[in-house]
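Let me begin by presenting the structure, written as structure tokens, before commenting on it.
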Amino acid sequence: MGTVYVDSRLTDDERRQRLYQGDLFVFSAGPASAGLCALARELSEEAFDPHDPQVAQDHMSAEEYARILADLKPRFIHHERAKELIGAMLTDAGCDPDKIYFDVPRLRTMAHGEYMKAGLALQFHPHRDTWFSAPFAQLNWWLPVYEVQPENSMAFHTRYFAEPIQNSSADYDYDEWNRTGRKQAAQQITKDTRKQPQALEELQLQPDVRIVTPVGGFYVFSAAHLHSTVPNTTERTRFSIDFRTVNVDDLANGEGALNLDSACTGTTLGDYLRASDLEPLPAELIERYRLHPHATVAD
Ligand SMILES: [Fe+2]
């Protein structure tokens, strides 16, 4: 990784190439990204009423909190307005709505302190999304829902964009996870027992890079970047949105970040919807990646 671009005017084709090399792109708020955050706030405030969602954890048990999240998160994920806003956000960012596909947005929470570190508030240890059956053309888009600070944001461990890590991704299969792991999330409150790919060697996590944008601002990064949730040492729960995109031509041409160390099986490509009409990716492309999940030009 070399460069952090702010409000770059590069075309989407140029931008994707640089993202696959590990560069990061940061954008100021636009109407669609601000609207997506507003929707997440509205639903969260409704769910935690009468508490401010950022401090609601101080007013209830972890079990009750988990129950509220188990209802709130799917409501946001499947909200029609969220899909429309993402389509608009991608068009505003210069993506071709006929070529770009996104998966449903996640609403993530990171409680402060030791409150809950599992299940639906899972604290993500350092990982690459590509250890979780993501294609190497996947890009991640990340937005804070309320103001964030470095102490409750996420971190990039940028040296590992170019360095392989011993890891347990060979034990992970996305299709199997879909059958079993996801359903168990709501039952995992304080300790997570589900099998997740992780590093099998000691990592040098400092120095890291953290990006703090105002609410509505967002950033984009390659799914191959090693990243982690920062332990939340503030007084506020972090709420954030993220979603992933792929460009269909890049998938067809095997373009994307290099695979240094991923050995998982299966593919997440069945989850993606075309921005223009919410159609899925061509079935033969999904099948190709299911059989060869790590196909990139360098292979
Ligand atoms: Fe991730």
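The values are calculated or read from the model by the stated rules, or taken from the named source; none is laboratory data. What you see is a predicted model; the values in this text were computed from it and never measured. Cβ sites come from the backbone with ideal geometry, for glycine too, and all protein chains shown count toward neighbours. These area figures cover heavy atoms from the full protein model, side chains too; ligands, DNA and RNA do not enter into them. Shrake-Rupley method; radii C 1.70, N 1.55, O 1.52, S 1.80 Å.
Please indicate, with yes or no, whether at least one residue in the range 8-26 is more than 24 Å from GLY256 (Cβ to Cβ) and either open to solvent by 70 Å² or more (accessible area, probe 1.4 Å) or under 21 Å from the mean Cα position of the chain (by Cα) (or both).
Within the range 8-26, the first condition is being more than 24 Å from GLY256 (Cβ to Cβ), and the residues that meet it are none.
Within the range 8-26 (the criterion being more than 24 Å from GLY256 (Cβ to Cβ) and either open to solvent by 70 Å² or more (accessible area, probe 1.4 Å) or under 21 Å from the mean Cα position of the chain (by Cα) (or both)), the answer is no, since none of the residues qualifies.
Tell me which residues, restricted to the range 255-276, are surrounded by fewer than 21 Cβ atoms within 10 Å (Cβ to Cβ) and part of a loop (DSSP other than H, G, I, E, B).
Going through the range 255-276, the residues surrounded by fewer than 21 Cβ atoms within 10 Å (Cβ to Cβ) turn out to be 255, 258-261, 263, 265-266, 270-271, 273-274, 276.
Those that are surrounded by fewer than 21 Cβ atoms within 10 Å (Cβ to Cβ) and part of a loop (DSSP other than H, G, I, E, B): GLU255, LEU258, ASN259, LEU260, ASP261, ALA263, GLY266, SER276.
Tell me which residues, restricted to the range 46-58, are surrounded by 15 or more Cβ atoms within 10 Å (Cβ to Cβ) and not hydrophobic (A, V, I, L, M, F, W, C).
Residues satisfying the conditions are HIS51, ASP52, PRO53, GLN54, GLN57, ASP58.
Pull out all pairs, ordered by first then second residue, where Cβ-Cβ is under 6 Å, the residues are six or more apart or on different chains, the first lies in the range 275-288 and is under 17 Å from ILE86 (Cα atoms), and the second is modelled with pLDDT of 95 or more and among the small types (Gly, Ala, Ser).
Between residues of the range 275-288 that are under 17 Å from ILE86 (Cα atoms) and residues that are modelled with pLDDT of 95 or more and among the small types (Gly, Ala, Ser), the close pairs are ALA275/GLY87.
Mind checking which residues of the range 240-254 are crowded, with 20+ Cβ neighbours inside 10 Å and either under 18 Å from PRO197 (Cβ atoms) or within 16 Å of the ligand (Cβ to nearest atom) (or both)? Quick ask: steps written out before the conclusion?
Within the range 240-254, the first condition is being crowded, with 20+ Cβ neighbours inside 10 Å, and the residues that meet it are 240-241, 243-247, 250-251.
Result: SER240, ILE241, PHE243, ARG244, THR245, VAL246.
Any residue at all in the range 149-162 that's more than 15 Å from the ligand (Cβ to nearest atom) and of a type in the set (S, T, N, Q)? Give the steps one after another, and end with the answer.
First, pick out the residues of the range 149-162 that are more than 15 Å from the ligand (Cβ to nearest atom): 149-152, 159, 162.
Keeping just the survivors that are of a type in the set (S, T, N, Q) gives 149, 152.
Yes.
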